[in-house]
Amino acid sequence: MCFVQKEDKGEVYRKVRLSKTPVNVSNPLHTAISKSWESMVGLEIHAQISSKSKMFSGSAVKFSSPPNSLVSFLDASLPGTLPVLNKYCVEAGVLTSLALDCQINRISYFDRKHYFYADLPAGYQITQQRVPLATNGKIEFSLFDQNSSKNEPQKMCVRLKQIQLEHDSGKSLHDDVNHETLVDLNRSGIGLMELVSEPDLQNGSQAAAMVRELQLILQYIGTCDGKMEEGSLRVDANVSVNRPGEPPGTRTEVKNINSARFVKIAIDNEIQRHIQILENGGKVNHETRAFDFKLGQSVSIRDKEGFSDYRFMPEPNLPPLVIYDKKTIMNASKDDIAVNIDDLRKKLPELPEQQRQRLTRHYGIPLLHSMVLMQEDGLVEYFESIVQEKSRNAKTVADWIITVFLKELNAHGMTLKDSPVSSHLIGQLIDLMTDGVVSVNTAKKIMPILFTDETRSLTQIIESKNWAQIRDEKHLQTLCDSVIANNMTVVKAYIDGNNKVFNRLMGLIQHQTQGRADPGLVRKILQTKLEEMKLK
Amino acid sequence: MNMLTKVVYFVTRSLPWLAVRGMSSKIPKEPTWDEIDPDKLPDERKIDSETVRKLERLALVKFSDEAGIERLSRAVRFADQLLLVDTEGVEPMDTVLEDRALYLREDIANEGFCMEEVMKNAEKTFEEYFVAPPGK
C-alpha cells in the first residue's frame, strides 16, 4: 500500500528541530518586497489543548497511539451519544485568553459547522461561531533585525480578533493505489483553541516571530505543548497584497504550515506570488492553498466559493457556556464544576515578556541572552539557581551557559532534562574559572568531558590532565626571564616604544606552557620586568 | 460514562427541571390547531437543477431524478407553512436548555480503548483503520 498524507490539516509529521534562534532564513528573492506593494497578513492558529481527555468525551489524548485506540462512542459519532464539555478545556481557553489580554465573554455559545470529510464522522465540527469564548486580545512580541543583531529589537503588537473553543477532526491517510482513505479517529474530538488575528502583520518574518512568542506563552501557561512538528500548533495564513493607498487586495488562505520556519517561507512566497500575478496584469483568486514543503510553495487545494457553505447552526446539545468571577460564582449551580476567572487569574505564571524584562533588569543580562535562555525549557531556572547558589556574576553565568553549555547540549542533541551536567557542577566550573584555577579556554575544554560518562570531580579531572593554571609567581618569573632572554630583538622593539609586541611575548609564554600560565599574573610580571628594562 | 448511562444521566438531569417548569408552564395543556390558508403562502419556489446539484454535493446524496426533485419541492413547500406563524415579540430559541448553564466534567480519561467495539459496524476496515471512499 502506498500512503500519501492528507494535505490540508497539518498532519505531515517530520522531525524538525525547532530552530533556537530568531528567524534568520533569508532568501535573496524575498529579502526586499517590491517597494510599490503593501502586504497584509493575518493568522489563524489552532492550538491543541494539553488536556488528559478529549473536549467532549472521556477518551485519552495522546500523540502517536495505535490507530482508533483513543476513540469513544461519541468520538465515532455513534447515535445516542451526547457531548459533555471538559472543564479543563474551558480553563485552558480562559487562561490563554487572560494571557493574551482578551475580553472574556461571560456567556458564549457552541455552534455546528458542517463539513463532509471522512475524518469528521458527525459531518460537523462543534465550534464557537456566534459568540466565541473571548475577543479583542493582543499579542506583543519583539522582532529582531535579521541583518544586524546590534539594532534594538522592534516591538510589535498584533490584535487578536477572537479565541474560540472547538474540537479537532480525525486523520485521513490517502491510499492512492487502492483509491481508499484510511481513517484514524484518535485525534477526533481533541480540544482546540482557535486564535484569529487581525491582518496586522506585513511579512513572513513578523508572522514567524509572532508564532514563536505565542508558542512560548502557551508553553509557559501550559495550555498547549506548542509542538508544531506533532501538529499541536498549526498555522493558517491569510495573505493579501495591495498598492499603497488602495484597499486590501483579494486574499488567499495558506493552510498546512507546520513549522515556524515554514511560516516565514510560506508567507513570503505567497506574497511574492500575489505580486507576480498582479504585476503581470493578472487577478488573484480568492482560494485556499496548501503549503507544500517539498516544493517550498503553496498549491491550490479547493475553491473557497463553492465549498464554504458551512451551514452554521446553534449546537442544540450544549447549553450556553457560563464563565463566572468571584462576584458571580454564587450563581453557579455547583461551584466546584464552575469556571472562575478570578481563580484562574491567580494561576497565571510569569509570562515570557515579563520574564524577559525581569531577567534583563534584575540580572543585567542582554535581551538576546534572556531570549536564548527562555527558549530551552527549564533553562531560566537552571540559570537562576547557578546565580543564586553563590551570588555568582549573572552576566558571566548567562554568557557561559549560552556559549559553552548550550552549544554542547545541542551538539549532543539533548534537551536540558537529559543533561548530565547539574547546575551545581556548572557553578563549580565557573568558580574555578573566575578564581583563576583554570583558564577560560581550559574550562571550555572541560565542558565536553562532563558530557561523557565522567564520574571524577572537576579537581580530579584538572589534576589528571595537568590543566591547572600556573599561578606560582616564582615559576612565572623564571618563565618570563627565559622568554625575555631568548627574544631580545622583540624586547628591544618594546623598549623602543612598540607596545604591540607585548602580546607576542605573552603568546610565547602561553605557547611554552600550553596556555596554562595565568594570563593576568604573566601580564603583570612581564610588564614590570619590561618597564624596569626600559628605565635602565 | 458509557452511552446508556449518558442518556440516563441526561434524562435524570432534565427531569427535576421539567417538573419545576411544569408548575408555571407556558406550554398549553392541549394542542390547538389552526388551518393554514394556502392562498396566504408566498409563491411556490422553483427549484432549479443548479440548486439540486449543490445540495447533492453538500449532502453526498444523489436525488437529481424527477422523483427526487418532486420530493424536495414538497418538503420545501411544507416548510413554507412556518412562514405564517406569528413570531412577533418572541425571542428566537436555540435549544430548550438555553437558560441552563453548561455542565462541565472533570478532565479524566476514562473512555476509549474499545477499538473492536467502535469498529464493529464499519463496513470496511483495514488493520486498525476505517476505510472510506477516496474523498477529495
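The values are calculated or read from the model by the stated rules, or taken from the named source; none is laboratory data. Nothing here was measured: the structure is a model prediction, and the numbers come from that model. Note that each Cβ is placed from the backbone with ideal geometry, even for glycine, and that neighbours are counted across all protein chains shown. Just so you know, the surface numbers come from the protein's heavy atoms only, side chains and all, with ligands and any DNA or RNA stripped out. Shrake-Rupley method; radii C 1.70, N 1.55, O 1.52, S 1.80 Å.
Some points to look at:
Yes/no per residue for (1) modelled with pLDDT of 95 or more; (2) of a type outside the set (Phe, Trp, Tyr):
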site	(1), (2)
A:Tyr88	yes, no
A:Ala99	yes, yes
A:Ala122	no, yes
A:Asn136	yes, yes
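- Among the residues of the range B:67-94, the one identified as buried (at least 16 other Cβ atoms within 10 Å of the Cβ) and within 14 Å of another protein chain (Cβ to nearest Cβ) is B:Asp94.
- Pairs with Cβ under 6 Å, 6+ apart, first in the range B:107-136 and facing chain A (nearest Cβ under 7 Å), second open to solvent by 80 Å² or more (accessible area, probe 1.4 Å): B:Asp107/A:Lys52; B:Ala109/A:Lys52; B:Val131/B:Lys124; B:Pro134/A:His179
- Yes/no for A:Tyr109 being in contact with a Pro (Cβ under 6 Å, 6 or more places away or on another chain), under 22 Å from A:Phe312 (Cβ atoms) and within 14 Å of another protein chain (Cβ to nearest Cβ): yes
- Test: residue in the range A:274-290 that is touching a strand residue (DSSP E or B) at 6+ places or on another chain (Cβ under 7 Å), in contact (Cβ under 8 Å) with a residue 60 or more places away in the chain and farther than 20 Å from A:Gln202 by Cβ: yes
- Against the conditions (1) open to solvent by less than 30 Å² (accessible area, probe 1.4 Å); (2) in a strand (DSSP E or B); (3) modelled with pLDDT under 95, A:Glu140 satisfies every one except (1).
- Checking each residue in the range A:161-186 for being open to solvent by 10 Å² or more (accessible area, probe 1.4 Å) and closer than 26 Å to A:Ala99 by Cα picks out A:Lys161, A:Gln162, A:Gln164, A:His167.
- Going through (1) over 29 Å from the mean Cα position of the chain (by Cα); (2) in a loop (DSSP other than H, G, I, E, B) one by one, A:Ile126 falls short only on (2).
- Identity of the residue in the range A:35-52, more than 8 Å from chain B (Cβ to nearest Cβ) and touching a Cys at 6+ places or on another chain (Cβ under 8 Å), that ends up farthest from A:Tyr124 (Cα to Cα): A:Ser50
- Single residue of the range A:76-97 satisfying the filter (more than 7 Å from chain B (Cβ to nearest Cβ) and open to solvent by less than 10 Å² (accessible area, probe 1.4 Å)) that is nearest to the chain's Cα centre (by Cα): A:Thr96
- Yes/no for A:Gly515 being touching a residue at least 12 places away in the same chain (Cβ under 8 Å), small (Gly, Ala, Ser) and in a helix (DSSP H, G or I): no
- For the range A:486-503, the count of residues that are surrounded by fewer than 16 Cβ atoms within 10 Å (Cβ to Cβ) and closer than 18 Å to A:Asn441 by Cβ is at least one.
- Identity of the residue in the range A:53-67, touching a Ser or Thr at 6+ places or on another chain (Cβ under 9 Å), assigned to a loop (DSSP other than H, G, I, E, B) and facing chain B (nearest Cβ under 7 Å), that ends up farthest from B:Asp107 (Cα to Cα): A:Ser57
- B:Leu55 within 14 Å of chain A (Cβ to nearest Cβ) and open to solvent by less than 70 Å² (accessible area, probe 1.4 Å): yes
- Extreme residue, farthest from A:His46 (Cα to Cα), among residues of the range A:249-263 that are at pLDDT 90 or above and over 14 Å from the mean Cα position of the chain (by Cα): A:Gly249
- A:Ser439 closer than 27 Å to A:Ala260 by Cβ, hydroxyl-bearing (Ser, Thr, Tyr) and open to solvent by less than 30 Å² (accessible area, probe 1.4 Å): no
- Extreme residue, modelled with the highest pLDDT, among residues of the range A:332-379 that are within 16 Å of the chain's Cα centre (by Cα) and part of a loop (DSSP other than H, G, I, E, B): A:Leu351
- For the range A:40-84, the set of residues classified as of a type in the set (Asp, Glu) and more than 22 Å from B:Phe126 (Cα to Cα) consists of A:Glu44 only.
- Criterion (under 28 Å from A:Gln125 (Cα atoms) and free of Cβ contacts under 8 Å to residues at least 60 places away in the same chain) met by exactly one of A:Arg234, A:Arg159, A:Arg212: A:Arg159
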